[in-house]
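The values are calculated or read from the model by the stated rules, or taken from the named source; none is laboratory data. What you are looking at is a predicted structure, and each value in this text was computed from that prediction instead of being measured. Cβ atoms come from the backbone with ideal geometry, glycine included; neighbour counts cover every protein chain shown. What goes into the accessible areas is simple: the full protein's heavy atoms, side chains included, and nothing from ligands, DNA or RNA. Shrake-Rupley method; radii C 1.70, N 1.55, O 1.52, S 1.80 Å.
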Amino acid sequence: MGIPLRQSITVGTYLFRNKLARRAKFPLIVEVEPLFACNLACNGCGKIQHPTEILRQRLTVDQVVDAIEESRAPMVSIAGGEPLLHPDIDKIVEALLARKKYVYLCTNALLLERKLDKFKPHPRFSWVVHIDGLRERHDESVSREGTFDRAVAAIKEAKARGFTVNTNTTFFNTDSPSTVREVLDYLNDDLGVDQMMISPGYAYEKAPDQVNFLSTRSSTELFKEAFADGRRKRWRLNHSPLFLDFLEGKVDFECTPWGIPSYSVFGWQRPCYLMADGYAETYQELLDTTDWSAYGRGKDPRCANCMAHCGYEPTAVLATTTSLRQSIRAAVAS
């Protein structure tokens, strides 16, 4: 199962309109980081490495709305940091939903049960809970015991209240095909989350752990073997079929970093949320002043081992729309 049909239609219409307008570059989804502060210190995250004065900063509701309105993106992923630490996070979500955006609110779930009353279920709103393995592996990755159990309890409570709950799982070189299958089987079958997102870990500059990330070769080997028994077809993965093919090494793509741009307290990040080569005040400035041809595997050595969703899912989506066979395949998977 892939992206929900109604959402696929919305995105498909958006892509068609951009094609008619002959826009060469446009965002599929914007990642908004309304703050960098967090209540965890995960091994693979570099956001909390910022100085205290930066960690205290917050985007306002108007700043978020203005950025998304300028970009025209149909989908918004709210990340961080931990977004539930933001005092106006519920107002940010409400404002984006009022503008008919699909909103994914990413969280480590430590505050989720306490904050649920501030939100209401909505067909365009999804929680995205970070689950980086089963109990021992997850707690180790976030450097705090008990986090997995609290996240699972929060997911169950949110589901019981009628919310759509997705998960996001990053895999590292400490994972094996069996651990990939174990966590996805658990999330899909035992916990019953609505959709799952997956990604190979990428050693971006600010991440404290620079050892346990995957190379492109080890990534494709990992996912090819993990998907070999046909479970990929029954897992509720929130990815296009071509992106999953890419993870398995069946196809190769160039990076499309402008497809999922990042907006934070610094502005629009150049070229993606994993690399910070400067910032732009507006989305148009980001498009006009970034040398997009300089990024991607074989171009920038920092990109050599990257297979991240933010760069390659947009490429897969755009490739799907130019192929009738792949469009039908994606529709069947929805």
Looking for something open to solvent by 60 Å² or more (accessible area, probe 1.4 Å) and either at pLDDT 95 or above or farther than 30 Å from F171 by Cα (or both) - is there at least one such residue anywhere in the stretch 36-53? yes
List every residue pair whose Cβ atoms sit under 6 Å apart, with the two residues 6 or more apart in sequence or on different chains, where the first one lies in the stretch 178-199 and is in a loop (DSSP other than H, G, I, E, B) and the second, anywhere, is open to solvent by 20 Å² or more (accessible area, probe 1.4 Å). D194/T164
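In this structure, is F223 farther than 23 Å from S71 by Cα and open to solvent by less than 20 Å² (accessible area, probe 1.4 Å)?
On the way: farther than 23 Å from S71 by Cα: yes; open to solvent by less than 20 Å² (accessible area, probe 1.4 Å): yes.
Yes, satisfied.
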Considering only residues that are modelled with pLDDT of 95 or more, under 22 Å from Y104 (Cα atoms), of a type outside the set (G, A, S) and out of contact with any strand residue (DSSP E or B) (no Cβ under 6 Å at 6 or more places or on another chain), which ones fall in the stretch 190-207? L191
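Output the residue which, of all residues in the stretch 282-295 that are in contact (Cβ under 8 Å) with a residue 40 or more places away in the chain, within 19 Å of V32 (Cα to Cα) and of a type outside the set (A, V, I, L, M), is least open to solvent (accessible area, probe 1.4 Å). Even if it seems obvious, please write down each step before you answer.
Here is the first cut: in the stretch 282-295, the residues in contact (Cβ under 8 Å) with a residue 40 or more places away in the chain are 282-284, 287, 292, 295.
Still in the running and within 19 Å of V32 (Cα to Cα): 282-284, 287.
Now restrict to residues that are of a type outside the set (A, V, I, L, M): 282-284.
Details: T282: 54, Y283: 11, Q284: 97 Å².
My answer is Y283.
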Contact list, first residue from the stretch 155-174 and within 28 Å of L214 (Cα to Cα) and among the hydrophobic types (A, V, I, L, M, F, W, C), second anywhere and open to solvent by 60 Å² or more (accessible area, probe 1.4 Å) and at pLDDT 95 or above, beta-carbon distance below 7 Å, six or more apart or interchain, is V165/K159
If you take the residues of the stretch 226-239 that are open to solvent by less than 10 Å² (accessible area, probe 1.4 Å) and in contact (Cβ under 8 Å) with a residue 60 or more places away in the chain, which of them is farthest from R56 (Cα to Cα)? W235
Take the residues in the stretch 88-144 that are in contact (Cβ under 8 Å) with a residue 24 or more places away in the chain, open to solvent by less than 50 Å² (accessible area, probe 1.4 Å) and acidic (D, E), then tell me which one is nearest to A154 (Cα to Cα). D132
Right, K25: under 17 Å from the mean Cα position of the chain (by Cα) and of a type outside the set (D, E) or not? no
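Considering only residues that are of a type in the set (V, I, T) and closer than 19 Å to K115 by Cα, which ones fall in the stretch 132-148? Walk me through how you get there before you give the answer.
To start, the set of residues in the stretch 132-148 that are of a type in the set (V, I, T) comprises 142, 147.
Hit for the stretch 132-148 is T147, nothing else.
Do we find that A158 is modelled with pLDDT of 95 or more, open to solvent by 30 Å² or more (accessible area, probe 1.4 Å) and more than 18 Å from the chain's Cα centre (by Cα) in this structure?
On the way: modelled with pLDDT of 95 or more: yes; open to solvent by 30 Å² or more (accessible area, probe 1.4 Å): no; more than 18 Å from the chain's Cα centre (by Cα): yes.
Judged against the criteria, A158 is not a match.
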How about the stretch 250-281: which of its residues are open to solvent by 40 Å² or more (accessible area, probe 1.4 Å) and of a type in the set (K, R)? K250
Verdict on R150 being over 22 Å from L40 (Cβ atoms), at pLDDT 95 or above and assigned to a helix (DSSP H, G or I): no
